[in-house]
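What follows draws every value from the coordinates through simple rules; no lab data is involved. Here the structure is a predicted model, which means the values were calculated and not measured. As a convention, Cβ positions derive from the backbone with ideal geometry for all residues, glycine included, and neighbour counts pool all protein chains shown.
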Amino acid sequence: MINGKLLFFMAIVAAVLYVPATSFAEASVSEGKRLGKTCAGCHGTAGNTPGEYIGKIGGQNPTYMTKALTEFADGKRAKSVEMSIVSKGYTQEQLKSIAMYYSTQKWVNSTNNINMAKAEAGKAIAMDNGCMDCHGANGEGMDEYPRIGGQNKGYLYEVMKRYKSGDIKSDEMELITELNDAQLDKLANYLSGIR
Ligand code: HEC
Ligand code: HEC
């Protein structure tokens, strides 16, 4: 009898202590959904950002997004005025939850107008420079490599210029300093139009 009670007690302790990894992940995603409501004003429903000049975040890779949000909050991407202000309102854990939530949303390709001649030329530049070696054959990215295929065109162009000027620092993106603005425009047309 005593043994039976003890076993019963131990089973309850075990049940209380056992928190499956998935339940934590789900809690973060739902927390991220709640906290991330403020993002919709600029980034659209479920991160499917309309327009040309703000990046889509629905379906973007969570590791990359967490890093970018942390850098906005730490002032390392200070020239992004809106994001510097917005990101400072959250803790690191909250930023991670928000990134996780948006990463679970469906990626919707940009519908920006693509200049086909520029896109052709941009593809050649991307191949010559090994851009897709890191960003994936269709620009889908992975982990710390952001998704760039199907991203909004104006955002792609502007953000590449920021890596080029050093506003955003990344050793891996160093090669962008070798390219002129006309080449970046061609790349933006190519990348935004990838399906
Ligand atoms: C007031 C408008 C505004 C709001 C609100 C806003 N953003 Fe942004 N966001 C921007 C702009 C503008 C950029 C482009 C910044 C740049 O040019 O570097 C951006 C860029 C980003 C990027 C980088 C995109 C990429 O592909 O690298 C991420 C990630 C992001 N925002 C996430 C969020 C999240 C999460 C929230 C809510 C907590 C949020 N944003 C709220 C305007 C906004
Ligand atoms: C060695 C790997 C590597 C190569 C090669 C590379 N990138 Fe990147 N790229 C990255 C990483 C990593 C980031 C994110 C850096 C950060 O954390 O700020 C990035 C960021 C970007 C972004 C910003 C995405 C966003 O959502 O803000 C664009 C656009 C981009 N790369 C385009 C290119 C193009 C075009 C080329 C070829 C000329 C290229 N990359 C070559 C690794 C690479």
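State all residues of the range 100-125 that are small (Gly, Ala, Ser) and within 21 Å of Glu52 (Cα to Cα); if no residue qualifies, say none. Within the range 100-125, Ser103, Ser110, Ala117, Ala119, Ala121, Gly122 meet the criteria. Taken together, Ala119, Ala137 contain a single residue that is closer than 26 Å to Gly47 by Cα and under 18 Å from the mean Cα position of the chain (by Cα), which is Ala137. The residues on offer are Leu191, Leu179, Leu184, and the sole one that is within 7 Å of ligand 2 (Cβ to nearest atom), hydrophobic (A, V, I, L, M, F, W, C) and under 27 Å from Gly58 (Cβ atoms) is Leu191.
Out of curiosity, is Gly141 of a type in the set (Gly, Ala, Ser) and touching an Asp or Glu at 6+ places or on another chain (Cβ under 8 Å)?
no
Of the residues making up the range 63-100, those that are more than 13 Å from ligand 2 (Cβ to nearest atom), closer than 26 Å to Ser192 by Cβ and crowded, with 19+ Cβ neighbours inside 10 Å are Ser87, Ile98, Met100. In the range 142-172, the qualifying residues are those that are part of a helix (DSSP H, G or I) and free of Cβ contacts under 8 Å to residues at least 12 places away in the same chain, and the one that is surrounded by the fewest Cβ atoms within 10 Å (Cβ to Cβ) is Asp171.
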